[in-house]
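A.B. asks: Quick one: structure below, then a few questions.
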Amino acid sequence: MEFFPEVKKTIEYEGPKSKNPLAFKHYNAKEKILGKTMAEHLRFAVCYWHTLKGLGTDQFGANTIVRRYNKAADPMQRAEDTMHAAFEFFTKLGVQFWCFHDRDIAPEAKTLAETNSRLDKMTKLAKKLQRNTGVKLLWGTTNAFSHPRFMAGAGTNPNPHVFAYAASQIKKAMEITKELGGQGYVFWGGREGYDTLLNTDMGRELDHLAMLLHLAVDHKKKIGFKGQLYIEPKPKEPTKHQYDFDAGNCLAFLQKYNLLPYFKMNIEANHATLAAHTFHHELEFSAANGILGSVDANRGDLLLGWDTDQFPTDLYDTSLAMYTILKAGGFKTGGLNFDAHVRRQSIDHIDLFYAHIGAMDAFARGLKIAAKLIKDRVIEKAVAKRYAGWDTRFGRMIESGKMNFKKLETYILENGEPKLQSGRQELLENILNEYL
Ligand code: XUL
Ligand code: CO
């Protein structure tokens, strides 16, 4: 059965002049930029939870969206129909990757054993569809936040029984991710945080979270799963304070608990802005610290203080993101996963195509702009000039640790006041706009 009959064939590149809303104007998968194809650079992934399962519900209202694949009375039949629809969508859109939570692909049953056998069934189907379509798994993850048992967290739950449940779920989700050839595995701390400190032993919770991740690393080694592990920072929502607040917070946590060798960041744009950072900042911080792994590509809304998970359309954002990603050497195991959902009023199946096409084009433009910035070295040159003092003999002496406070003081006594220089911010902003 065809679930998206409104799109007959794979979306194609028609170029910037095209007026066809079902064509790419900028994303040309095979076009080479800085030695790699756009597809190799961008590594787009569709997320299962929003794109296939999102039905437009919010805190104030019920589902608004009806999906053709979500009609069967039997939950496992619905899961199978959804999986077929998913691979039809991936193929028609022309993305290479997908991402999922365990509970997205198979509904939970009464016992863990039954749930896991449902997962096995769905994994088998996913494996077959991956083989038939060539679509690959960017990463898998566990949903250890929706079920009521996780209301007080998973690894940070005050009850060790819940910790054990979370561990069992991660064990299975990691195993099926390996079975599907997943290139990564994400830990987003769904409810790993607190609502009030009055009932929370923060130090103990942090130790428990680290223990859960250590056990995951051990299991990864045990089963020979080669994928990259990622932490996805988020400062708040659903809890008032999430422990994986931002990339800086995660780095300190990983260092403290000797987990740093095993993890990289999965940076989500809307999570960055919730933490009062820019998307660009979180990427640059991760790149500067060697922990840039993958990206959840979406955006928030300046006027709304929650995770709106909108499709990315802002060229300023996508260009600066791709600039940092390219400078850092590009994605290795990671990619651009559209952790985004269509608005509640975008109720038609075709809206899913419009949303993804626009987002892919926005990142394709970002990639082209970033590549030009890198080729022309405009920003790089301005930055190098600003730091030129550090390339002198004196600057190098400090950098290489050959100075002490006494010698630095002597330098000042001999050389007096430093010369002030302009930061040139407005000029650089003007230059960037010329590239957009
Ligand atoms: C929640 C979020 C998650 C993770 C995966 O804000 O971003 O969907 O990406 O659990
Ligand atoms: Co996300």
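So that you can scan it fast, the table gives a plain yes or no per residue for (1) under 19 Å from Gln96 (Cα atoms); (2) among the hydroxyl-bearing types (Ser, Thr, Tyr); (3) under 16 Å from the mean Cα position of the chain (by Cα):
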site: Leu303; (1), (2), (3): no, no, no
site: Asp309; (1), (2), (3): no, no, yes
site: Gly335; (1), (2), (3): yes, no, yes
site: Asp339; (1), (2), (3): yes, no, yes
site: Arg343; (1), (2), (3): no, no, no
site: His356; (1), (2), (3): yes, no, yes
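A.B. asks: Being away from ligand 2 (no atom under 16 Å from the Cβ), closer than 19 Å to Trp139 by Cα and among the basic types (Lys, Arg) narrows it down to one residue among Lys234, Lys226; which is it?
C.D. replies: Details: Lys234 fails: away from ligand 2 (no atom under 16 Å from the Cβ).
Lys226 is the lone residue from the list that is away from ligand 2 (no atom under 16 Å from the Cβ), closer than 19 Å to Trp139 by Cα and among the basic types (Lys, Arg).
A.B. asks: Tell me the residue from Thr10, Thr82 that is more than 16 Å from ligand 2 (Cβ to nearest atom), among the polar types (S, T, N, Q) and farther than 15 Å from Phe353 by Cα, please. Quick ask: steps written out before the conclusion?
C.D. replies: Details: Thr10 fails: farther than 15 Å from Phe353 by Cα.
From the options Thr10, Thr82, the qualifying one is Thr82.
A.B. asks: Being small (Gly, Ala, Ser), surrounded by fewer than 20 Cβ atoms within 10 Å (Cβ to Cβ) and either assigned to a helix (DSSP H, G or I) or within 16 Å of ligand 1 (Cβ to nearest atom) (or both) narrows it down to one of Ala321, Ala287, so name that one. Full working, then the answer.
C.D. replies: Working: Ala321 fails: surrounded by fewer than 20 Cβ atoms within 10 Å (Cβ to Cβ).
Among Ala321, Ala287, only Ala287 is small (Gly, Ala, Ser), surrounded by fewer than 20 Cβ atoms within 10 Å (Cβ to Cβ) and either assigned to a helix (DSSP H, G or I) or within 16 Å of ligand 1 (Cβ to nearest atom) (or both).
A.B. asks: Is it the case, given these coordinates, that Ala384 is at negative phi, without any contact (Cβ under 8 Å) to a residue 24 or more places away in the chain and of a type in the set (A, V, I, L, M, F, W, C)? Can you show your working first?
C.D. replies: Values: at negative phi: yes; without any contact (Cβ under 8 Å) to a residue 24 or more places away in the chain: yes; of a type in the set (A, V, I, L, M, F, W, C): yes.
Here the answer is yes, as Ala384 does meet what is asked.
A.B. asks: Pairs please, first residue from the range 70-93 and closer than 12 Å to Ala106 by Cβ and among the basic types (Lys, Arg), second anywhere and surrounded by fewer than 21 Cβ atoms within 10 Å (Cβ to Cβ) and modelled with pLDDT of 95 or more, Cβ atoms under 6 Å, 6+ apart in sequence or on different chains.
C.D. replies: The qualifying pairs are Arg78/Asn70; Arg78/Ala72.
A.B. asks: Could you tell me whether Leu180 is more than 14 Å from ligand 1 (Cβ to nearest atom) and either closer than 30 Å to Lys9 by Cα or surrounded by fewer than 17 Cβ atoms within 10 Å (Cβ to Cβ) (or both)? Lay out the reasoning, then the answer.
C.D. replies: Details: more than 14 Å from ligand 1 (Cβ to nearest atom): yes; either closer than 30 Å to Lys9 by Cα or surrounded by fewer than 17 Cβ atoms within 10 Å (Cβ to Cβ) (or both): yes.
Here the answer is yes, as Leu180 does meet what is asked.
A.B. asks: Sticking with this structure for a sec: Out of the residues in the range 251-284 that are among the acidic types (Asp, Glu) and without any contact (Cβ under 8 Å) to a residue 60 or more places away in the chain, state the one that is farthest from ligand 1 (Cβ to nearest atom).
C.D. replies: Among those that are among the acidic types (Asp, Glu) and without any contact (Cβ under 8 Å) to a residue 60 or more places away in the chain, it is Glu284.
A.B. asks: While we're on this one: Does the range 27-59 hold any residues that are part of a loop (DSSP other than H, G, I, E, B), more than 16 Å from ligand 2 (Cβ to nearest atom) and under 27 Å from Arg344 (Cα atoms), and which are they?
C.D. replies: Taking the range 27-59 and keeping what is part of a loop (DSSP other than H, G, I, E, B), we get 27-31, 34-35, 43, 52-57, 59.
Restricting the remaining residues to those that are more than 16 Å from ligand 2 (Cβ to nearest atom) gives 27-31, 34-35, 55-57, 59.
Listed by number, the residues that qualify are Tyr27, Leu55, Gly56, Thr57, Gln59.
A.B. asks: State which residue pairs qualify: first residue within 22 Å of Met174 (Cβ to Cβ) and without any contact (Cβ under 8 Å) to a residue 60 or more places away in the chain and inside the range 201-218, second residue part of a loop (DSSP other than H, G, I, E, B) and not small (Gly, Ala, Ser) in any location, beta carbons under 6 Å apart, and separation of 6 or more residues or different chains.
C.D. replies: From residues that are within 22 Å of Met174 (Cβ to Cβ) and without any contact (Cβ under 8 Å) to a residue 60 or more places away in the chain, the pairs are His208/Thr156; Leu209/Thr156; Leu209/Glu192; Ala210/Tyr257; Leu213/Leu259.
A.B. asks: Ok, one more. Considering the range 290-306 alone, what residues qualify as being closer than 21 Å to His50 by Cβ and buried (at least 19 other Cβ atoms within 10 Å of the Cβ)?
C.D. replies: Of everything in the range 290-306, those that are closer than 21 Å to His50 by Cβ and buried (at least 19 other Cβ atoms within 10 Å of the Cβ) turn out to be Gly293, Ser294, Val295, Asp296, Ala297, Asn298, Arg299, Gly300.
A.B. asks: Tally time: how many residues in the range 332-356 are crowded, with 24+ Cβ neighbours inside 10 Å and over 13 Å from Phe89 (Cβ atoms)?
C.D. replies: 6
A.B. asks: Exactly one condition in (1) closer than 18 Å to Tyr230 by Cβ; (2) basic (Lys, Arg); (3) in contact with an Asp or Glu (Cβ under 8 Å, 6 or more places away or on another chain) is false for Lys171; which is it?
C.D. replies: (3)
A.B. asks: Considering each residue of the range 180-211, count those that are more than 30 Å from Lys127 (Cβ to Cβ) and not in a strand (DSSP E or B), and give that number. Give the derivation first.
C.D. replies: First pass over the range 180-211, keeping only residues more than 30 Å from Lys127 (Cβ to Cβ): 191-211.
Narrowing the set further to residues that are not in a strand (DSSP E or B) leaves 191-192, 195-211.
So the answer is 19.
A.B. asks: What pairs come out if I take residues in the range 222-240 that are assigned to a loop (DSSP other than H, G, I, E, B) and pair them with residues that are away from ligand 2 (no atom under 11 Å from the Cβ) and β-branched (Val, Ile, Thr) whose C-beta lies under 8 Å away, six or more apart or interchain?
C.D. replies: From the range 222-240, the pairs are Phe225/Thr177; Gly227/Thr177; Gly227/Thr333; Lys240/Thr196.
A.B. asks: Restricting the search to the range 247-279, which residues are surrounded by fewer than 18 Cβ atoms within 10 Å (Cβ to Cβ) and of a type outside the set (Ser, Thr, Tyr)?
C.D. replies: Gly248, Asn249, Ala252, Gln255, Lys256, Asn258, Leu260, Pro261, Ala276
A.B. asks: Quick one: how many residues across the range 35-56 are more than 30 Å from Lys332 (Cα to Cα) and either buried (at least 19 other Cβ atoms within 10 Å of the Cβ) or touching a residue at least 24 places away in the same chain (Cβ under 8 Å) (or both)? Quick ask: steps written out before the conclusion?
C.D. replies: First, pick out the residues of the range 35-56 that are more than 30 Å from Lys332 (Cα to Cα): 55-56.
If we keep only those that are either buried (at least 19 other Cβ atoms within 10 Å of the Cβ) or touching a residue at least 24 places away in the same chain (Cβ under 8 Å) (or both) as well, we get 56.
Here the count works out to 1.
A.B. asks: Could you grab the pairs with beta carbons closer than 7 Å, sequence gap of 6+ or different chains, first residue in the range 296-316 and closer than 23 Å to Phe187 by Cβ and modelled with pLDDT of 95 or more, second one assigned to a strand (DSSP E or B) and away from ligand 1 (no atom under 14 Å from the Cβ)?
C.D. replies: That search, which allows pairs on different chains as well, returns Thr308/Asp301.
A.B. asks: Looking at the range 104-115 only, could you name the residues that are in a helix (DSSP H, G or I) and buried (at least 21 other Cβ atoms within 10 Å of the Cβ)? Working first, answer last.
C.D. replies: Of all residues in the range 104-115, those in a helix (DSSP H, G or I) come to 104-105, 112-115.
Passing the criteria: Asp104, Ile105.
The values are calculated or read from the model by the stated rules, or taken from the named source; none is laboratory data. All values derive from a computational prediction rather than experimental measurement. Using ideal geometry, Cβ is built from the backbone for each residue, glycine included, and neighbour counts are taken over all protein chains shown.
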